[in-house]
Amino acid sequence: MHLKDGQVVDVSGTEGGRYLGRRRSLQQLSRQPVIICTTSGPLAKEVANATGLRVYAPSGLTSPLLDVTKGHDGRDGTWDRYDPDPQSGIGAAVTDLL
């Protein structure tokens, strides 16, 4: 994660997701945001669980253009969807209000 002072800090998907979930700008959106994670599925699942929001992530390698190439298994890459587990993150809090 890039900090305001220019430092780059490694964080887990859960830590990054919790950071996103605390952002007032994300909480105040009238429509549910689309979160795209350009790393692995397991990290995307952590972000989905921490935010309570759906996350999309590639199954293969990505480029700055977000093209998905073949995965490590040699198969064509795809964008995969990761839904949060029930009752996790800010999505659960929104559901409780409805």
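Any read-out appearing in this document is the output of simple, stated calculations on the displayed coordinates, not a laboratory observation. Everything quoted here is computed from the prediction, not taken from an experiment. Here Cβ is always computed from backbone atoms with ideal geometry, including for glycine, and neighbour counts include all displayed protein chains.
Give me the extension gain from Gln7 to Leu61: residue separation times 0.36 nm, minus the current Cα-Cα distance, reported in nm with one decimal. Before the final figure, lay out the partial values.
Numbers: separation 54, 0.36 × 54 = 19.44 nm, distance 2.51 nm.
Here the segment from Gln7 to Leu61 would lengthen by 16.9 nm.
With Rg and the Kirkwood Rh both taken from Cα atoms, where does Rg over Rh land for segment 1-51? Don't jump to the answer; show the numbers that get you there.
Numbers: Rg = 11.5 Å, Rh = 11.7 Å.
My calculation of the ratio gives 0.98.
Could you list which residues have their amide H under 5 Å from that of Asp80, counting only those 5 or more apart in sequence or on another chain, with H placed in the peptide plane?
Ala57, Ser59
How large is ³J(HN,Hα), in whole Hz, for each residue of segment 10-27 in order, when computed from phi with the Karplus curve 6.51 cos²θ - 1.76 cosθ + 1.60 and θ = phi - 60°, using x for Gly and Pro?
Karplus values, whole Hz, x for Gly and Pro: 6, 10, 6, x, 5, 5, x, x, 5, 4, 4, x, 7, 5, 4, 4, 6, 5.
Taking the number of other C-beta atoms within 10 Å as the exposure measure, put Lys70, Lys45 in order starting with the fewest. List each step's numbers first, then the result.
Details: Lys70 12, Lys45 21.
Fewest to most other Cβ atoms nearby, the residues stand as Lys70, Lys45.
How far, in nm, would the chain grow between Arg23 and Thr78 when pulled straight, counting 0.36 nm per residue and subtracting the alpha carbon separation?
Working: separation 55, 0.36 × 55 = 19.80 nm, distance 2.90 nm.
Taking Arg23 through Thr78 to full extension adds about 16.9 nm, to one decimal.
Taking amide H positions as placed in the peptide plane 1.01 Å from N, state which residues far from Thr39 in sequence (5 or more) or on other chains have amide H under 5 Å from it.
Here the answer is none, since no amide H 5 or more places off falls under 5 Å of that of Thr39.
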